[in-house]
Amino acid sequence: MLVCGVMFSEYYRPNASSYKPTHQESSTTIALLGDTQRTLWVEFWREQNDAVRPHIFSRICDSRPSALIHLGDAVADGASDSDWMIYDSLSRCISKASIPVFGVMGNHDYFGANDACIRNATQRFTNLQWYRWSSCVIDSVAYILLNSNFDELTDDEIYQQSRWLDSVVRSVNMRDDVLLAVACWHHPPYTNSSVVGDDKEVQRHLLQPLRQCTKLRMIASGHAHTYEHFNIDGLHFLVSGGGGGARQELLPVEKARHRSIPSQRVSGNRICKFHYCTVQRKGMLLNIEMHAFDEHSMTWAVDDSWHTD
C-alpha cells in the first residue's frame with residue numbers, strides 16, 4: 001500500500017493525495033536517485049556524463065520499483081525549459097511504466113528565477129505542487145521529504161516547514177500503521193566530499209527536530225556527487241549523489257570529517273561509481289543497496305548492502 005501527499009497536518013490538508021502501485025511485489029522496493037543534472041558550460045573542466053544518465057534511468061525502470069524518490073538537482077538550470085526537456089526524455093521510461101516519482105528541491109533546481117524553477121519542478125513532481133515539502137507512507141514506512149534550500153526560502157516558509165515537520169514527527173510517533181521513518185532532502189548534514197561540506201543549517205532546522213522521531217532510521221540526501229554511509233549517534237545517513245552529475249572526490253581517510261562505513265569494495269575509492277540506491281523494509285529493519293554502474297564495462301553490480309539497526 002502506497003499513500004502519499006502532504007499528510008499528518010490539518011494546516012496542509014489541500015495537498016493530500018493517495019496512490020496505489022500499478023504492480024504488486026512480494027517486497028516493496030523504493031529507489032533513491034540524486035543529482036542527475038548535466039555539467040554546466042562554466043564547469044568545463046569537470047566530467048560530462050551525458051552518455052551515462054540514460055543507463056541509470058533505464059536500469060531503474062527495468063527494476064520496476066514501487067516508487068522513485070529524486071533527491072534533488074534533477075537538472076542543472078531549474079529555470080531552463082530545455083534542461084527539463086532533457087530530464088523528461090531521460091525519465092520517459094519511468095513515466096511509461098507508471099512508476100510514481102516524488103522529488104525534493106535541489107540547489108540547481110532553484111537556479112534562475114524562482115517562479116520558473118518552481119513551475120518546472122512542480123510539473124514533474126506532483127508532491128511539490130502546493131508546498132516544497134511533503135510526506136509519503138509506503139509499506140508502513142513514512143518518507144518525509146523536506147526542503148533544505150534555506151537560502152531560497154523566506155522566513156515564513158522556513159517557519160511553515162518547521163511547524164509542519166513538528167506535526168509530522170508527532171503523528172509518526174503515534175501512528176500504529178507507521179513502523180519506520182526515512183527523511184529525504186538535498187543537502188547532506190554530514191559528508192566527506194572534497195567539494196561540499198556539512199550543512200549546518202540543515203543540522204539545525206531539520207536534523208534537530210527529526211531526532212525527536214522515535215521511528216526515524218535513516219536520512220538520505222544528495223548534493224555531494226558521491227556515495228557515503230555514516231552512523232552518527234545511532235542514526236544512519238546515506239549520501240546518494242551518483243545520478244550523472246560530475247562526480248566529486250572524497251577526502252582522504254586521514255582528513256575525513258566523519259568515519260564512513262561502506263563495504264570493502266567501495267571503501268578504497270575516493271571517486272565512487274555512478275549509482276542509485278534502493279530501500280526495502282524487512283520487518284522492523286530497512287535494507288539498503290547501492291547499485292553501481294561501471295561505465296567502462298557497461299555492467300551493473302550491488303557494490304554495497306547494509307541494514308538499519
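The values are calculated or read from the model by the stated rules, or taken from the named source; none is laboratory data. These numbers come from a predicted model, not from an experiment. In this analysis, Cβ positions are derived from the backbone assuming ideal geometry, glycine residues included, and neighbour counts consider all displayed protein chains.
Condition check for Arg259 on (1) at pLDDT 95 or above; (2) exposed (fewer than 13 other Cβ atoms within 10 Å of the Cβ); (3) not in a helix (DSSP H, G or I): one failure, at (1).
Taking residues in segment 93-114 that are in contact (Cβ under 8 Å) with a residue 40 or more places away in the chain, and partners anywhere that are among the charged types (D, E, K, R) and buried (at least 20 other Cβ atoms within 10 Å of the Cβ), the pairs with Cβ atoms closer than 6 Å and at least 6 places apart or on different chains are Met105/Arg132; Gly106/Asp73; His108/Asp73. Scanning segment 60-117 for residues that are acidic (Asp, Glu), farther than 17 Å from Asn147 by Cα and either touching an Asp or Glu at 6+ places or on another chain (Cβ under 6 Å) or not in a helix (DSSP H, G or I) (or both) returns Asp77, Asp83. Taking the numbered list (1) within 20 Å of the chain's Cα centre (by Cα); (2) more than 25 Å from Leu285 (Cα to Cα); (3) not aliphatic (A, V, I, L, M) in turn, Gln48 passes all entries but (1). Take the conditions (1) outside any loop (DSSP other than H, G, I, E, B); (2) farther than 16 Å from Gly243 by Cβ; (3) at pLDDT 95 or above; Val42 misses just one of them, which is (3). Could you tell me whether any residue of segment 160-167 is closer than 23 Å to Ile288 by Cα and not aromatic (Phe, Trp, Tyr)? No, every residue in segment 160-167 fails to be closer than 23 Å to Ile288 by Cα and not aromatic (Phe, Trp, Tyr).
Scanning segment 280-291 for residues that are crowded, with 18+ Cβ neighbours inside 10 Å and touching a residue at least 24 places away in the same chain (Cβ under 8 Å) yields Gln280, Arg281, Leu286, Ile288, Met290, His291. Would a scan of segment 272-292 turn up a residue that is assigned to a loop (DSSP other than H, G, I, E, B) and of a type in the set (S, T, N, Q)? No, segment 272-292 contains no residue that is assigned to a loop (DSSP other than H, G, I, E, B) and of a type in the set (S, T, N, Q). Of the residues making up segment 160-170, one or more are closer than 16 Å to Ser221 by Cβ and in contact with a Pro (Cβ under 8 Å, 6 or more places away or on another chain). Scanning segment 211-234 for residues that are more than 17 Å from Asp304 (Cβ to Cβ) and surrounded by fewer than 19 Cβ atoms within 10 Å (Cβ to Cβ) gives Arg211, Gln212, Thr214, Lys215, Ile232, Asp233, Gly234. Please verify whether Arg247 is in a loop (DSSP other than H, G, I, E, B), closer than 25 Å to Trp45 by Cα and touching a Leu at 6+ places or on another chain (Cβ under 6 Å), treating the condition exactly as stated. So Arg247 fails the test.
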